[in-house]
1. Which FRET efficiency value, to the nearest 0.05, do you get for Phe152 and His118 by plugging their Cβ-Cβ distance into 1/(1 + (r/R0)^6) with R0 = 25 Å?
2. Once the principal axes of the Cα atoms of region 369-485 are found, what is the range along each, listed largest first in whole angstroms?
3. Per 5 Å bin from zero, what fraction in whole % of the C-alpha pairs of region 197-337 is there, up to the bin with the longest pair?
4. In Å, the Kirkwood hydrodynamic radius of the chain over pairs of distinct alpha carbons?
5. Any chance you could tell me what percent of the C-alpha pair distances in region 75-208 go past 22 Å?
6. Given the Cα-Cα distance of Ala481 and Gln222 and 0.36 nm per residue of separation, how much length would full extension add, in nm?
7. Bin by bin, in steps of 5 Å, what percent of the Cα pairs in region 61-132 do you find, going until the bin that has the longest distance?
8. For Ile322 and Lys60, FRET efficiency with R0 = 30 Å and r from the beta-carbon atoms, rounded to 0.05?
Amino acid sequence: MKKTISRISGVLASFAFVFTCNVFTSCAPEQKKVTPADPTKMEVTGESDAELTAPPFVPKPVGNRSATKLKVKMEIIEKVGKMADGVEYVYWTFGGSVPGSFIRTRVGDEVEFHLKNHPDNKLPHNIDLHAVTGPGGGAKSSFVAPGHEVVFSFKVINQGLYVYHCATAPVGMHIANGMYGLILVEPEGGLPKVDKEYYVMQGDFYTKGKNGEQGLQAFDMQKAVDEKPEYVVFNGSVGAMTGDKAITAKVGETVRLFVGNGGPNLVSSFHVIGEIFDQVNIEGGDLINKNVQTTLVPAGGSAIVEFKCEVPGTFIIVDHSIFRTFNKGSLGMLTVTGDENKKIYSGKQQEGIYHPEGGTIHTMPGGADIPAMKAANLAERIKFGENIYSRTCFACHQANGEGVPNAFPPLAASDWMKNNVDGAIDNILYGKTGEITVNGKKYNSAMPAQTLTDEEIANVLSYVYNSWGNKGKEVTPAMVAKRRK
Ligand code: HEC
Ligand SMILES: [Cu+2]
């Protein structure tokens, strides 16, 4: 009802406007342009092939080009790819990557979509683009068997950032295998200019083997139905955006992330540690929220986030449903280089000994320093050490010392530890930064110094040296005391 009234009054208003203009010829010509062009009626000029990019990159902005006929030529490829170190998976892809190729259009474009299903593929597929106004978002017209190509056209009439995905039965399985991507529809004149733009898309994966189980992993339908993924990742695999694959920017630059979530099941609490989003296009639409810490990205939805890089450092990109980040893979990195700005972020300024209640209490009740906790033999040392491990080291090096790919090195069967007892003691006493290679893999992160007594360090290291395939060594408090300067 309300809608009808406003529509009628809108018609009346424009009628009045035209009427006024006709009678009073003083009407300025610019005034007639106030009503934005109706995108459904927008004419297109010329034609071109769309630039398609694999994540984390996006095609060039549309700028102020006029609406055109844009040919998107996308090939579906089923292929084996790396899910994590030593873990492989058969991905079904739009354009060879997960997420699929990024498509960049503007309002009024007429998209001629060529969907090709590679002859070596095993299955038929199709595409449902959320940017399409039409039955199934194109799914009905795009069903294509291996070795075939289909063509269909649509006009993009709503600006925004949209998900596309395969919608062939079983739909959930096609999405779970990586068949999703993003299509951006820019407004007339394009989005405001920024310095860096990237493509980040989350997805959850369901493998027969548990997280980290080696070899080629099959899809597990029951885990998918139960919504219990083994992997939750950005851009298709663990570590797709970390280390030397991190996205980059310089101090002073503005960054825009086109964030999508393919699901199939989980909703993402998208967050960049150490940054505040200056603005977010909520759900990829027109609504802008400012000064946001974490934004929800629904399965089958998106967000556009923008921020300015003020200080250098590594900014960790996470799903703040945080076990997914530290145990299932949803961890990316943005590396910002440039000059420090101590006014915005000082770094650690001071560290001293903290004595609660005027420095009278030096040991906590039950702490390792009280005589009862002094280990009498190696077996006891290991037992006490296990307790310390689960209080302090566990959070990073994980329950069985397996570590976290690209972030925390393993302590299990660590070749680095084997011949470097002093180094291991030093790491705990003084912390450790800079590049380190453990079992053939490079890490470049930071371990903070741990505030533990000599006895505690001896115990925890004895525990580690006698667990998970490490060659049993005893570390004694005397050995620790020698390293403490
Ligand atoms: C906050 C996370 C964190 C905690 C807590 C932590 N570490 Fe580490 N540890 C790291 C990181 C990161 C590295 C690699 C540092 C680098 O890249 O230079 C590392 C490296 C090591 C290494 C050498 C590399 C290897 O894998 O053999 C040892 C040994 C080690 N840590 C033992 C421990 C022990 C024992 C504890 C508990 C007392 C502990 N760490 C607590 C993060 C942590
Ligand atoms: Cu498919």
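Nothing in this text is a laboratory measurement; each read-out follows from the coordinates by a stated rule. All values derive from a computational prediction rather than experimental measurement. FYI the Cβ positions are ideal-geometry reconstructions off the backbone, even for glycines, and counts take in every protein chain you see.
1. Working: r = 19 Å, r/R0 = 0.75.
The computed FRET efficiency comes out at 0.85.
2. Largest to smallest, the principal-axis extents are 40, 30, 24 Å.
3. Going from the shortest bin to the longest, the percentages are 2, 11, 20, 23, 19, 12, 7, 4, 2, 0.
4. Every distinct Cα pair counted, the radius reaches 26.0 Å.
5. Here the long-distance tail beyond 22 Å is 38 percent of all Cα pairs in region 75-208.
6. Full extension from Ala481 to Gln222 adds 87.9 nm.
7. Going from the shortest bin to the longest, the percentages are 3, 13, 21, 20, 15, 12, 8, 5, 2, 0.
8. The calculated FRET efficiency here is 0.25.
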